[in-house]
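Notes to accompany the following structure.
The numbers here are math on the coordinates, done by the rules we state, and not lab data. Since the model is a prediction, treat every value here as computed from it, not as a measurement. Heads up, the Cβs are rebuilt from the backbone with ideal geometry, glycines too, and the neighbour counts pull from every protein chain shown.
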Amino acid sequence: MLSFGSKPPMSNAQFLDYTARHLSGKDFFALKKSSLTPSEERETTQKALQTWRHFEISLRNELVNIRAKKLSKDGHDYFRGEYVPDPFIAAMVTEAAGEETPLEVEKKIDTTRWEKLEEIEKQHFFDLHFLIIYFLKIQILNKWDNIKAEEGRKIAVELLQPRKELKE
């Protein structure tokens, strides 16, 4: 239904507006709390959110760890919760850090996020668990749609600027 790099079917707000009309208040509240940025709130009954939160915090802690090493600093002051190394995430972050541009690094990290969401989504067919994962995927697609729009604006401005050699 959704694939990484595709055009988002709707904005985040449109998705929430649509689902608000079809879900119970409790389910909608759980869906609305679903964010790419893990909340400090640890209490949730939604397994999808628990799994996502754990993964995202581990990913962010690993990013802190690799950046701290590059700067010869101790990252412990910046970890969220307890830092527990994850070999899979550490390898992915190391690989992503080797990309040439920050945009390529972010794309590699978001690709891994997408793959994790696909893994969490397995065996769920249009239940609340599925909707939470779908909403997280829409957030990733909208993030990249906004990045592409911004890149397009920069290119257009650059192309519309008169060249210096033409001014003379």
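Tabulated data
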quantity: Efficiency of FRET between Glu118 and Lys70 - r from beta-carbon atoms, R0 41 angstrom, step 0.05; calculated: 0.85
quantity: Per-peptide average of other Cβ atoms within 10 Å, ordering 135-147, 1-13 highest first; calculated: 135-147, 1-13
quantity: Packing-based ranking, highest mean first, of 45-53, 74-82 given that Cβ atoms within 10 Å are counted; calculated: 45-53, 74-82
quantity: For region 16-76: span of alpha carbons on each principal axis (Å, largest first); calculated: 51, 21, 14
quantity: Principal axis box of the chain, alpha-carbon based, largest edge first, Å; calculated: 67, 46, 25
